[in-house]
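Step one of this worksheet: look at the structure below.
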Amino acid sequence: MTNPGEGYGQQGQPGYGPGYGQQGQGEPGYAGPDGGAPGWGQPAMPPKPKNGMGTAALIFGILALLTCWWLPVVGGVLAILAIIFGVVGRGRVKRLEANNKGVATAGLVLGIITLILNIILSVLFFLGAALFFNLGGGNALQQAQDCVNAAQNQPNPAAVQQALQQCADQFGAQLPQLGGDQQNG
């Protein structure tokens, strides 16, 4: 060593371990793509994809489709959430932050279909209810309620049961009349 610092950190010098960035014999290390030590100019690992929004869209879309039949308000809210998460998930795919475009699209489509289905079912329900009450269903319900209240005032359980059966028969007889069912030929 004639110059100061010469040989510092170089491999093969007695008394020194492997130099900075050099791998000794038998030591575990990280290899670059060419098998050598990684350098500053090598690309870093890509970030893990953020697939949560697309997955959430699919889950909310499925739940919305299942609940819109018997809980229309809940189904509608879940459908709106599926649409929002589906749009956000597809945006992440476009920005290359996620890789589940199909899942996000399926959630978005399920959300849209369920929202449309939910609107149709709600309109049909309200039209049916309006038609029922316009054809006298409100009066029939009031008579049935009065009949049940009177039946509950009977002195013994057998009389209550018999009076409730009469109320059910009376209400059942009124229902065909509500639909405009005419027996006259």
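Read-outs: derived from the displayed coordinates by stated rules, not from any lab. Predicted, not measured: the structure shown is a model, and the values here were computed from it. Glycine gets a Cβ as well: all are built from the backbone with ideal geometry, and neighbour counts include every protein chain shown.
Filter segment 149-175 down to residues that are outside any helix (DSSP H, G or I) and surrounded by 13 or more Cβ atoms within 10 Å (Cβ to Cβ), then give me how many there are. Working first, answer last.
Within segment 149-175, the first condition is being outside any helix (DSSP H, G or I), and the residues that meet it are 152-156.
Those still in the list that are surrounded by 13 or more Cβ atoms within 10 Å (Cβ to Cβ) too: 154.
Within segment 149-175, residues that are outside any helix (DSSP H, G or I) and surrounded by 13 or more Cβ atoms within 10 Å (Cβ to Cβ) number 1.
Of all the criteria given as (1) more than 15 Å from the chain's Cα centre (by Cα); (2) farther than 17 Å from residue 121 by Cα, the one not satisfied by residue 70 is (2). Considering 110, 127, 141, the condition of being closer than 30 Å to residue 62 by Cβ and either over 22 Å from the mean Cα position of the chain (by Cα) or of a type in the set (Gly, Ala, Ser) (or both) is satisfied by 127 alone.
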